[in-house]
Every structure is written in structure tokens, then in C-alpha cells.
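Taking it in order: structure first as C-alpha cells, then the write-up.
Read-outs throughout are calculated quantities, based only on the coordinates presented, and are distinct from any laboratory measurement. These numbers come from a predicted model, not from an experiment. Cβ sites come from the backbone with ideal geometry, for glycine too, and all protein chains shown count toward neighbours.
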Ligand SMILES: [Cu+2]
């Protein structure tokens, strides 16, 4: 019995993540002037996101994880649909809906914690900023306008 307890205790602290750090360099879409860098750090229950954006032009911009890492289209359409989460079921939180970025000035510093997400599962996908305000974090996606900046989620080992 003691042996099983020990194994249980060990395993609750050994949830292994292949990647601990990620980085995204945002490039403009649809001829916007928006750029930015996003730093991702894997923590126990999610990802710490720290970012700096340049030239946001509205008070709020929707911010999402999209399924694909294809940046070859100027309108950002290569990034495909929104990312829902690995084990998404109807009614669950939509993990790719990161809510809205609130603009500060020419430069905007932004920080968030993305619960229940791992860098492993989003590596190679993309992060996208939209022209308009979207829905609140983890709720259903609402139409948030054109894609104005996007970047592939890269990993750092
Ligand atoms: Cu989106």
C-alpha cells in the first residue's frame, strides 16, 4: 500500500512537458503596422504569457490562438480556424480564445495566464490579433474583424 502511495505522490509532481519556453514574433497582416513579441513560459497549470505589442490602433483587439502556423497569406487566412483545445467537447471553455488586448500607447505591455494549456500542444500553431474587440476570454468566439497581426508559436529548448 505504501508503495502505491509513493508512486502516486511522485507522479502528481512529475507532469512532464516537453517544452518549457515558447516565443512568437508577430508580423503585420492586411497591411497593418502592428508587430510584437510574445514570451511563453510553461507553468504547472498553464502558460504564463508576457508580451509587448507595437502600434495597436484601437482600445481593444481580440487575441486568439489559431489552429495553423501558415503565415504565407497576407490576410492571415493561412492560420486557419480558432484553436479549441486538445480535448474540447461542446460546452467546454474554448482555450484558444485569449480575450482582448487593451491598448496602452504606441507600445502596449500585456500579461496573461492561459489556464489548462501547454506549450507542447500549441507549438507550431499561431497567435493572431484581430482588428476589433472580441468576446471575453474562454467564451465563444464572436466576429472580431480582420486579422491584423499573426505569428507562429515557436519553441526554445
Ligand atoms: Cu482569431
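Identification of strands (runs of 3 or more DSSP E) wholly contained in region 103-157 with 3 or more residues that are farther than 19 Å from residue 68 by Cβ and away from the ligand (no atom under 14 Å from the Cβ) yields 107-115. Applying the criterion of being more than 12 Å from the chain's Cα centre (by Cα) and outside any strand (DSSP E or B) to the residues of region 35-67, the residue that is farthest from the ligand (Cβ to nearest atom) is 44.
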